[in-house]
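The values are calculated or read from the model by the stated rules, or taken from the named source; none is laboratory data. On a predicted model such as this, the values are computed, not experimentally measured, just so you know. Neighbour counts run over all protein chains shown; Cβ positions are idealised from the backbone, glycine included.
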Amino acid sequence: MAMASSYSAISIAFGILLSISIAFADDISHHGSAPKSPSCDNILRLVKVKMWADGAEGDELGGLTAKFGGHLPTAAKNSQKLPAVFANPLNCCSSSSSKLSGSIALSTRGDCDFMTKAEAGQSGGAAVLLVINDGEDLLEMSCREKNVANITIPVVMITKSGGEAINKSMTTGKKEIGVSLLSHW
């Protein structure tokens, strides 16, 4: 009998400790698995991606920031609505022939590393690079092995279906497509 109540007390104490640790866990950000370096030390954060079409608020998508690049605002009042533009080439592995200046550049995943995409977007004047994954998961965008880079624009990954939603808005005759991003969903 004494043994059973001892196990009950331990179980209750363990349950309380587990509950406290879960309550204080940060489930919207983490450091990721890539090694830290001065240009590759961002905390990965979930991002709210809000679409706009012809001034009307549209769908909200989820995204994940990269280990490198600039930071997004954490307060809605500081979030900017910027025009969305597809990079050309779409993979954003080289300079874009699309006018990216002051926009959110949209790129597909693949063909080169994430930092190369960010460098091409930044050199074209993009304010943000939004990488569309080829699946429905949000992957950690870490740095290349020799990650010396001065990437100052925020870089965010969205899912394939999120990219398809933005593409649909852009190809259905809407005149102005905008996207705003906010960290700390």
Count of segment 79-94 residues which are closer than 20 Å to C112 by Cα, touching a residue at least 12 places away in the same chain (Cβ under 8 Å) and outside any strand (DSSP E or B): 6
Candidate set from segment 46-78 (those that are more than 22 Å from C112 (Cα to Cα) and crowded, with 21+ Cβ neighbours inside 10 Å); member that is nearest to the chain's Cα centre (by Cα): V47
Test: residue in segment 22-42 that is surrounded by 17 or more Cβ atoms within 10 Å (Cβ to Cβ), at pLDDT 55 or above and either part of a loop (DSSP other than H, G, I, E, B) or β-branched (V, I, T) (or both): yes
Residues (under 16 Å from G163 (Cα atoms) and not small (G, A, S)) located in segment 90-115: L90, N91, C92, I104, L106, T108, R109
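For segment 104-131, which positions are surrounded by fewer than 23 Cβ atoms within 10 Å (Cβ to Cβ), small (G, A, S) and touching a Leu at 6+ places or on another chain (Cβ under 8 Å)? Quick ask: steps written out before the conclusion?
Our first condition is that a residue be surrounded by fewer than 23 Cβ atoms within 10 Å (Cβ to Cβ); within segment 104-131, this holds for 108-113, 116, 119, 122-125, 127.
Filter once more, keeping what is small (G, A, S): 110, 123-125, 127.
Of everything in segment 104-131, those that are surrounded by fewer than 23 Cβ atoms within 10 Å (Cβ to Cβ), small (G, A, S) and touching a Leu at 6+ places or on another chain (Cβ under 8 Å) turn out to be G124, G125, A127.
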Residue match in segment 103-125 (condition: aliphatic (A, V, I, L, M), in contact with a strand residue (DSSP E or B) (Cβ under 6 Å, 6 or more places away or on another chain) and free of Cβ contacts under 8 Å to residues at least 40 places away in the same chain): yes
Counted residues, segment 61-98 - those being modelled with pLDDT under 90 and among the charged types (D, E, K, R): 2
Any hit, segment 114-121, residues being of a type outside the set (K, R) and in a loop (DSSP other than H, G, I, E, B): no
Matching residues, segment 137-155, being out of contact with any helix residue (DSSP H, G or I) (no Cβ under 6 Å at 6 or more places or on another chain) and either loosely packed, with under 14 Cβ neighbours inside 10 Å or aliphatic (A, V, I, L, M) (or both): D137, L138, L139, E145, K146, V148, N150, T152
